[in-house]
Amino acid sequence: MELDIRKAVFIVPFGYEVNEELTEPDYCLHGGPAEAALLNSDGVFVVRDLPVDKFHTTQDQSAVAGKIMHYQTIMSPDGKRFFPLFDSYNAATRIYGENVRFTMVCYETARKMAISENLEGIVLCPGTVNQIIPKEAFA
C-alpha cells in the first residue's frame, strides 16, 4: 500500500524564538490547525515508533501563547537546507538529540514553510527513506 503524503502527518523538531534549553524531552506533541483538520478527516499519523505511553497532545495553551515557533531544518553535506518530515521518532532523536520539542506537520505546511524560508525542498523521512522533494516539484 502506497502512502499519499498529502494525507499524512509527520513530526518535526521545533523551538521557540526565545528558546530555553531543555533538560529533558518535551512530551507534548504540538500541532497546528491544518494537521488537526487532516487528522479529523481522512489523514493518517505515520510516526511508527513514537513512545505513545509518554507523549500527549493536550496542554495548557496559556503556556505557549504569544511564543513564536521555529521549525528545525536539516542541512545536506553540500550546505543546502531542507524541511524535514520525520516518520520515525528514533531517527529524529538520533539527529536532534533526546531533549527536543516535536510538532505534528503535514506536507502542505512543510511545503509552505519551505517556500517562505527559501529552502531547497523537503526531505521525506530523514534517517530512513531520505526522499528529497525539490522545491521545483512544488508547482
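The values are calculated or read from the model by the stated rules, or taken from the named source; none is laboratory data. All values reported here derive from a predicted model rather than from experimental measurement. Note that we place each Cβ from the backbone using ideal geometry, even for glycine, and neighbour counts take in every protein chain shown. Please note that ligands, DNA and RNA were not included when accessible areas were found on the heavy atoms of the full protein model with its side chains. Shrake-Rupley method; radii C 1.70, N 1.55, O 1.52, S 1.80 Å.
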**Message:** Within segment 14-33, does at least one residue satisfy the condition of being at pLDDT 90 or above and out of contact with any Lys or Arg (no Cβ under 6 Å at 6 or more places or on another chain)?
**Reply:** no
**Asked** Restricting attention to segment 75-107, which residues are closer than 22 Å to Pro134 by Cα, within 11 Å of the chain's Cα centre (by Cα) and not in a loop (DSSP other than H, G, I, E, B)?
**Response** Phe83, Pro84, Leu85, Phe86, Ala92, Met104, Val105, Cys106, Tyr107
**Message:** Give me the residue from segment 104-139 that is surrounded by fewer than 20 Cβ atoms within 10 Å (Cβ to Cβ), β-branched (Val, Ile, Thr) and out of contact with any helix residue (DSSP H, G or I) (no Cβ under 6 Å at 6 or more places or on another chain) and, out of that set, farthest from Gln72 (Cα to Cα).
**Reply:** Val129
**Request:** Could you grab me the full set of residues in segment 62-96 that are at pLDDT 90 or above, open to solvent by 20 Å² or more (accessible area, probe 1.4 Å) and closer than 21 Å to Glu17 by Cα?
**Result:** Tyr71, Gln72, Thr73, Ile74, Met75, Arg81, Ile95, Tyr96
**Complete:** Within segment 1-18, residues being within 22 Å of Ala91 (Cβ to Cβ) and open to solvent by 50 Å² or more (accessible area, probe 1.4 Å) number 6
**Prompt:** Are any residues in segment 108-117 in contact with a strand residue (DSSP E or B) (Cβ under 8 Å, 6 or more places away or on another chain) and farther than 18 Å from Gly127 by Cβ, and if so, which ones?
**Reply:** Arg111, Met113, Ala114, Glu117
**Message:** Condition first: in contact with a Leu (Cβ under 8 Å, 6 or more places away or on another chain), open to solvent by 70 Å² or more (accessible area, probe 1.4 Å) and either assigned to a loop (DSSP other than H, G, I, E, B) or modelled with pLDDT of 90 or more (or both). Now tell me which residues in segment 46-60 satisfy that.
**Reply:** Thr57
**Request:** Please enumerate the residues belonging to segment 1-34 that are farther than 18 Å from Lys112 by Cα, part of a strand (DSSP E or B) and among the aromatic types (Phe, Trp, Tyr).
**Result:** Tyr16
